[in-house]
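To start, the structure itself, in C-alpha cells.
The values are calculated or read from the model by the stated rules, or taken from the named source; none is laboratory data. Just so it is clear, the structure is predicted and the values come from calculations on it, not from any experiment. Backbone-built Cβ (ideal geometry, glycine too); neighbour counts: all protein chains shown. The area values use the complete protein model at the heavy-atom level, side chains included, leaving out ligands, DNA and RNA. Shrake-Rupley method; radii C 1.70, N 1.55, O 1.52, S 1.80 Å.
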Amino acid sequence: MHRCLVASNRMVSEELLTQHNLTESEYRKIVEILKREPTTTELGIFSVMWSEHCSYKSSRVHLRRLPTKGPAVIQGPGENAGIIDIGDDLAVAFKIESHNHPSFIEPFQGAATGVGGILRDIFTMGARPIAAMNSLRFGPLHSQRNRRILEGVVGGIAFYGNCFGVPTVGGEVYFADCYSQNPLVNAFALGIFERDKIFYGRAHGVGNPVIYVGAKTGRDGIHGATMASAGFGEDAGAKRPNVQIGDPFMEKLLLEACLEAMQKGLIVGIQDMGAAGLTCSSCEMGARAGTGVELDLEDVPQRESGMTAYEIMLSESQERMLLVADRNKEMEVFDVFHKWGLDVVKVGRVTNDGQLRVRQNGKLVAEIPNDALADQAPLYQRPLLLKASSPPVRIAITF
C-alpha cells in the first residue's frame with residue numbers, strides 16, 4: 001500500500017510545520033511512525049489529532065491526577081461523555097468542554113457550537129439531554145471588546161440551547177484582567193437514560209458499514225482544532241474561517257434520528273464529528289475497538305464543490321455523526337435517517353488491520369495506524385508559573 005502514497009523525500013518546511021502547529025520533533029516522530037514522510041493529507045490528520053484540543057498533550061499529565069473511578073462511575077475518561085449510576089436502573093451522561101479560542105474570534109458562533117458539540121456528545125452515548133450549564137471568564141467590562149465578547153457568548157449559548165430545546169439551569173461568570181486576551185467559555189450538558197442502554201464510540205465488527213449521517217461537509221472549521229490550541233496576536237480576526245457555523249434545528253433532527261436508531265437496535269458504535277471532524281471520529285472509533293476503518297471520501301456528502309481529501313478530513317462542519325451499523329441492518333438505518341430528512345450515506349467499512357485508510361476517487365491518500373493518532377501523541381511537562389494577581393470579580397447565576 002505504501003508505494004501508492006506520494007510524499008517528497010525532503011523534510012517539510014518550517015513554515016508548513018508552523019501552519020500545522022507541529023514542532024520539528026513531532027514531525028520526526030510522525031516520520032518514525034509511518035517509516036516514511038507523510039502526505040499532505042496525513043500531515044493535516046496528525047496536526048489535528050496531536051493538537052492540544054484533541055490530545056491534551058499539555059494537560060493530560062495533570063488530568064491523570066484527578067480521581068476518575070468509584071462505585072457509581074460507569075464510564076470515566078476515554079469516551080464521548082462520562083456516565084454515573086444514579087440508581088433505579090438509571091444513569092446520567094455528562095460532559096463539560098471549553099470553546100475558548102473560537103469564542104474569542106467569533107463570540108456568538110464560537111459559544112453556540114460549543115453548546116452544540118457537548119449536546120451531541122450526550123446523545124451519542126444514548127442519553128437524551130435535559131439540562132445545560134456554563135462557567136464563563138471575561139476581561140473587565142470597561143473594555144469595549146470584552147463587552148462585545150460577553151454579549152456574543154451569552155447570545156450564542158442562549159440561541160443554541162433554546163432552539164435545540166434544552167434549558168440552561170445555571171451558570172457563573174468571573175471578570176479579571178487575565179481573561180481579556182483569553183476568555184474561558186466552558187459549556188456543560190447532562191442527559192438521562194436507562195443504564196443498560198449505553199452506546200459507545202467503537203468500530204466493532206469487521207466488514208460492518210461505516211455510515212455518515214447529518215449535515216453536509218463544507219470548508220468551515222478546517223484547522224479548528226489546531227487553531228483552538230494556538231495563541232493569538234492582533235491577527236485573530238483572520239482566523240474567523242476556522243470557526244464553525246451551527247444549526248440547532250438540524251441538530252434536533254439528528255438527536256431524534258439517532259435515538260430512534262438506537263432504540264431499534266441498529267447501531268453498533270457511534271461518535272460525534274466534533275473537533276477534527278471525520279478524522280477524529282473514524283480513528284478514535286477504530287482505536288477503541290482495535291480495528292481499522294477505511295473511508296471513501298467521494299461518498300461523503302458535500303455542500304461545496306472541489307473539496308480535497310485534506311479539506312474533507314479536517315472539516316469541522318457541525319451536526320454530523322459517524323456510526324457503525326450491523327451489516328444486515330444497513331437499509332433500516334437509512335430508513336430512519338431519511339424519515340428525519342437527513343443525509344445518510346455509507347462512506348466506508350470496518351477492517352481488521354488497525355489502520356485508518358483514506359481513499360478519494362480510488363487514490364490512496366492516507367494510511368495511518370489508528371492508535372498512533374489516538375494514543376501516541378506526545379506528552380509535555382510544561383513549566384509552571386505562579387503569578388500574584390488581583391482576585392476576580394464573581395457573579396453566580398442560578399435559575
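Take the Cα coordinates of the chain, assign each an equal point scatterer, and use the Debye formula without solvent to give log10 I(q)/I(0) at q = 0.13 Å⁻¹.
-1.13
Among 219, 28, 382, determine the one that fluctuates most according to a GNM of the chain built with springs between C-alpha atoms less than 10 Å apart.
382
Spelling out what I want: for every residue of segment 186-200, take phi, set θ = phi - 60°, compute 6.51 cos²θ - 1.76 cosθ + 1.60 (Karplus), and round to whole Hz; glycine and proline get x.
So the J values, rounded to whole Hz, are 9, 10, 10, 9, 9, x, 10, 6, 6, 5, 9, 10, 8, 10, 10.
Would you mind computing, in nm to one decimal, how far apart the modelled labels at residue 35 and residue 375 are, each placed 7 Å from Cα along Cα→Cβ?
Simple spin-label model gives 1.9 nm for this pair.
Just to compare against my own numbers: the Cα pair-distance distribution for segment 59-112, 5 Å bins, whole % per bin, please.
Per 5 Å bin, starting at zero, the Cα-Cα P(r) for segment 59-112 comes out as 4, 16, 17, 18, 15, 14, 11, 5, 1 percent.
Pull out the extension gain between residue 177 and residue 90, defined as 0.36 nm times the separation in residues minus the alpha carbon to alpha carbon distance; nm, one decimal.
Contour length minus Cα-Cα distance gives 27.0 nm.
Hey, can you grab everything whose amide H is under 5 Å from the amide H of residue 201? Only 5+ residues off in sequence or another chain; H modelled, so Pro and N-termini drop out.
So residue 201 has HN proximity to 80, 270.
Within 10 Å of each candidate Cβ there may be at most 10 other Cβ atoms; applying that plus a DSSP loop requirement, which GluC sites (Glu not before Pro) in segment 139-217 survive?
none
Which length gain, in nm to one decimal place, applies between residue 66 and residue 98 when the Cα-Cα distance is subtracted from 0.36 nm times their residue separation?
Taking residue 66 through residue 98 to full extension adds about 9.7 nm, to one decimal.
Can you give the net charge of the other residues whose Cβ lies under 10 Å from the Cβ of residue 121, counting K and R as +1 and D and E as -1?
For residues surrounding residue 121, the net value is -1.
For residue 343 and residue 144, FRET efficiency with R0 = 51 Å and r from the beta-carbon atoms, rounded to 0.05?
Efficiency computed from Cβ-Cβ geometry: 0.75.
Segment 15-146: percent of C-alpha pairs farther apart than 27 Å?
Percent of Cα pairs beyond 27 Å in segment 15-146: 41.
If Lys and Arg each add +1 and Asp and Glu each add -1, what is the summed charge of the other residues whose beta carbon sits under 13 Å from the beta carbon of residue 89?
-2
Aspartates and glutamates within cross-link reach of residue 216: Cα-Cα under 17 Å, excluding same-chain residues under 8 positions apart?
247, 251, 272, 296, 298, 299, 304, 311, 316, 319, 343
Tell me which residues come under 5 Å, amide H to amide H, from residue 210 once H is placed; ignore anything under 5 positions away on its chain.
Under 5 Å from the amide H of residue 210 lie the amide H atoms of 347, 348, 349, 350, each far enough along the sequence or on another chain.
Taking amide hydrogens as modeled 1.01 Å from N in the peptide plane, which residues meet the under 5 Å criterion relative to residue 365, leaving out close sequence neighbours?
358, 359, 360
What percent does the relative contact order of the chain come to when contacts are Cα pairs within less than 8 Å and at least six residues apart?
It rounds to 22 percent for the chain.
Tally Lys/Arg at +1 and Asp/Glu at -1 over every other residue whose Cβ is under 10 Å from the Cβ of residue 278; what's the total?
0
Under 28 Å Cα-Cα from residue 57, which lysines qualify once same-chain neighbours fewer than 8 residues away are excluded?
The reachable lysines, counting only those whose Cα sits under 28 Å from residue 57, are 29, 35, 69, 95, 239, 387.
Convert each backbone phi in segment 203-208 into a coupling constant with the Karplus relation 6.51 cos²θ - 1.76 cosθ + 1.60 (shift: θ = phi - 60°), then list the ³J(HN,Hα) values in order as whole Hz, x for Gly and Pro.
Once rounded to whole Hz, the list reads 8, 7, x, 4, x, 5.
If you wrap a convex hull around the alpha carbons of segment 276-384, what volume per residue comes out, as a whole number of Å³?
144
In the chain, which whole DSSP H runs stretch at least 20 Å along their own axis (Cα) and average 0.0 or higher on the Kyte-Doolittle scale?
Within the chain the helices that satisfy the rule are 107-124, 144-164, 248-263.
Could you give me D for segment 99-194, from Stokes-Einstein at 20 °C and 1.002 mPa s, where the hydrodynamic radius is the Kirkwood radius over C-alpha pairs? Units µm² s⁻¹, please.
The estimated diffusion coefficient comes to 161 µm²/s.
Using a 1.4 angstrom probe and counting only protein chains, how large is the accessible area of residue 252 in Å², to 10?
Here the accessible area works out near 70 Å².
What does the helix-only formula give at 222 nm for the chain: each DSSP H stretch with n ≥ 4 adding -39500 (n - 2.57), the total divided by the residues, and the result rounded to the nearest 500 deg cm²/dmol?
Result for the chain, helices only: -10000 deg cm²/dmol.
Residue by residue through segment 86-96, which ³J(HN,Hα) values in whole Hz follow from phi under the Karplus form 6.51 cos²θ - 1.76 cosθ + 1.60 (θ = phi - 60°), with glycine and proline marked x?
These are the phi-based 3J(HN,Hα) values: 10, x, 6, 6, 10, 9, 10, 9, 9, 7, 10 Hz.
Roughly how far apart, in whole Å, are the Cα centres of segment 11-73 and segment 314-362?
If you average the Cα positions of each part, the centres end up 25 Å apart.
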